[in-house]
Amino acid sequence: MRVVMIGAGYVGLVTGTCLADFGHNVTCVDRDADRIAALQAGAIPIFEPGLEELVANNAAAGRLAFAAELSAPVAAAEAVLIAVGTPARHGDGYADLTHVYTAAREIAAALDGYTVVIIKSTVPVGTGDEVERIIRQARPDADVSVVSNPEFLREGAAIVDFKRPDRIIAGVEDNRARAVVEALYRPLYLNQAPLLFVSRRTAELTKYAANAFLATKISFINEIADLCEKTGANVQDVARGIGMDNRIGPKFLNAGPGYGGSCFPKDIKALIKTAHDLKSPLRIVEAVASVNDERKRAIARKVIAACGGDVRGKTIGLLGLTFKPNTDDMREAPSLAIAATLRNGGARLRVHDPAGMEQAKALMGDGVEFVDSPYAAAEGADALALVTEWDAYRALDLARVAASMCAPVLVDLRNVYRTEEVESYGFAYYCVGRPMPKKSSV
Ligand code: NAD
């Protein structure tokens with residue numbers, strides 16, 4: 001099938017490449033001409049494990065191409081997928097649909113023959129209706145169906161998630177579109193991936209409901225972690241204990257610095273806006289968002305407390321800046337709020353991340369020292385905070401770290417280490433929601 005992917009970002013590039021790997025003929029279009037030129041030259045603009053090789057293989061096989069202009073590929077395509085960004089609109093938190101509507105107008109102008117336009121971007125309920133209206137208004141002659149097919153992949157595991165999804169949700173309003181979606185996902189379908197056909201509005205809302213539910217688990221376990229700290233209970237054991245219940249499940253129950261990233265914060269804001277406008281408030285989701293906002297500040301205060309209550313003039317090393325491991329994505333990363341609070345308190349920061357430093361430099365501003373190893377971040381520091389649990393930080397040479405620090409203080413915001421082990425190297429060790437010895441208690 002001839003497929004066009006509009007938007008070659010984290011979602012578009014991965015899903016476009018995976019669809020090519022299934023045997024479809026895919027053109028990824030992006031209005032960022034530099035990005036397209038880089039892709040055409042074989043460079044991958046994002047960090048995603050396994051992607052470089054997959055792009056190279058499919059481009060070499062002639063199934064994957066890149067273009068800055070969509071007219072010719074769209075005219076020839078049977079399916080056009082929209083995977084452009086839908087960030088939070090400045091000031092009010094609604095989803096900014098400018099890119100989606102622009103793409104819809106551009107697609108409309110290029111349509112030729114029956115085409116299914118598939119919205120992969122995360123968009124509020126009713127956006128599919130509006131995209132269809134835009135296209136029909138611009139091209140009353142167009143033979144088109146508009147489908148909602150939200151994407152559930154996780155950055156860092158995006159290829160596996162796309163190729164082995166828990167489910168595919170397709171919001172279709174007619175059988176012709178359904179047949180095209182079935183053909184598009186046929187390789188997955190044969191692999192037993194459940195393909196769930198629902199109405200277009202249901203598909204749109206399902207994506208938001210899924211993200212809101214996952215965020216709820218995170219805020220929930222973070223509050224339980226606080227209670228654990230007050231009671232001497234261990235949040236990791238609590239999470240294991242409740243997670244063994246099939247009705248609850250073990251995932252998304254890791255206490256830490258709160259959720260961030262390119263999706264949860266903006267999607268939760270947008271969902272709250274939709275619910276509010278329709279006078280059907282989501283009070284649980286509102287609480288989840290406010291718990292998470294407060295969480296980032298509380299976690300920064302935890303680091304300050306570990307430094308004796310004052311970080312002025314102190315050097316603090318931060319390990320891990322991206323919102324989660326195995327991505328270079330810094331959007332809404334908790335490290336940003338933590339770094340800002342520590343700097344406001346007068347701390348000097350020395351930071352490291354395996355893949356996110358370029359993006360972080362643009363966001364963290366001056367006065368932050370970026371270093372090329374976790375050991376360099378610890379060198380001469382008054383405290384070291386593990387913010388994002390990259391594998392590279394899971395087996396640090398703790399003797400070396402302790403010896404190089406001004407004061408061996410480790411604040412483990414992801415509960416990666418065992419208390420006894422860290423303390424055996426002379427560290428004052430602070431973690432999240434686990435019992436801490438008297439001398440470390442904050
Ligand atoms: P992104 O910012 O990484 O990529 C979007 C790309 O679209 C950019 O390269 C931009 O230049 C391009 N673009 C914008 N308007 C365009 C136009 N008119 N024509 C051509 N290209 C255009 O965004 P992303 O992280 O891939 O997210 C895309 C959508 O998928 C969002 O709605 C997001 O919420 C959703 N989503 C993201 C993830 C994730 O993990 N990143 C997961 C699931 C769903």
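The values are calculated or read from the model by the stated rules, or taken from the named source; none is laboratory data. None of these values were measured; they are calculated from a predicted model. Methodologically, a virtual Cβ is constructed for each residue, glycine included, from the backbone with ideal geometry; neighbour enumeration extends over all protein chains shown. In case anyone asks, the SASA skips ligands and DNA or RNA and just uses the protein heavy atoms, side chains included. Shrake-Rupley method; radii C 1.70, N 1.55, O 1.52, S 1.80 Å.
Computed with a 1.4 Å probe on the full set of protein chains, the accessible area for residue 318 sits at about 0 Å². The calculated FRET efficiency for the pair residue 284 and residue 392, based on their C-beta separation and a Förster distance of 56 Å, comes to about 0.95.
Element breakdown for the chain at a 1.4 angstrom probe: carbon and sulfur atoms account for 52% of the accessible area. For region 208-286, the spherically averaged projection of the C-alpha convex hull amounts to 5.7 nm². The alpha carbons of region 288-369 occupy a box of 33, 33, 18 Å along the principal axes, longest dimension given first.
Contour minus end-to-end for residue 133 and residue 276, with contour as 0.36 nm per residue of separation and end-to-end as the Cα-Cα distance?
Additional length available on full extension: 49.1 nm.
Relative contact order of region 91-241, taken over Cα pairs closer than 8 Å and 6 or more residues apart, is 21 percent. Each Cα pair under 8 Å and six or more residues apart adds its sequence gap; the mean of these over the residue count of the chain is a relative contact order of 12 percent. Taken about its Cα centre, the chain carries a charge dipole of roughly 1060 debye when the Cβ of each Lys and Arg holds +1 and the Cβ of each Asp and Glu holds -1. The distance from the alpha carbon centre of region 358-432 to that of region 143-219 is 39 Å, rounded to a whole number. For region 8-160, the Kirkwood hydrodynamic radius from C-alpha pairs, put into Stokes-Einstein at 25 °C and a viscosity of 0.890 mPa s, yields a diffusion coefficient of 154 µm² per second. The Cα center of region 318-344 and the Cα center of region 31-92 differ in position by 27 Å. In the chain, taking the dipole from charged Cβ atoms about the Cα centre, the farthest positive-side position among 359, 128, 252 is held by 252. In the chain, the longest principal axis of the Cα atoms and the axis of helix 98-110 are about 20 degrees apart. Taking every DSSP helix (H) stretch of at least 4 residues in the chain, weighting each as -39,500 (n - 2.57) and dividing the sum by the residue count yields a mean residue ellipticity at 222 nm of -13500 deg cm²/dmol. Over region 117-162, what is the relative contact order in whole percent, taking alpha-carbon pairs under 8 Å and six or more residues apart? So the answer I get is 47 percent.
Applying a DSSP loop filter and a limit of 11 other Cβ atoms within 10 Å to the trypsin sites (Lys or Arg not before Pro) in region 298-334 leaves 312. Report, in degrees rounded to the nearest 10, the 0 to 90 angle that the Cα long axis of helix 264-277 makes with the longest principal axis of the chain. For helix 264-277, the angle is close to 60 degrees.
Over all orientations, region 250-318 has a Cα convex hull whose mean projected area works out to 6.7 square nanometres. Accessible surface for the chain, divided over its residues, is 44 Å² per residue with a 1.4 Å probe. Over all directions, the projected convex hull of the C-alpha atoms in region 81-136 averages 3.8 nm² in area. Compared with the direct C-alpha span, the chain from residue 248 to residue 358 gains 35.8 nm at full extension, assuming 0.36 nm per residue. Rounded to the nearest 20, the size of the Cβ-charge dipole of region 332-431 about its Cα centre is 180 debye, with Lys and Arg at +1 and Asp and Glu at -1. Principal-axis analysis of the Cα atoms of the chain puts helix 200-231 at an angle of about 10° to the longest axis.
Let me check I have the definition right: for the chain, take the eigenvalues of the Cα gyration tensor, multiply each by 5, take square roots. What are those semi-axes in whole Å, largest first? List each step's numbers first, then the result.
Values: eigenvalues 364, 112, 75 Å².
Working through the eigenvalues yields semi-axes of 43, 24, 19 Å.
Go from 0 up to the bin containing the longest alpha carbon distance in region 71-178, width 10 Å each, and give me the % of pairs per bin. Over region 71-178, the share of Cα pairs per 10 Å bin runs 15, 43, 33, 10, 0 percent. Cross-linked pairs 324/361; 207/251; 230/296; 296/361; 273/302: Cα-Cα separations exceed 23 Å for 273/302.
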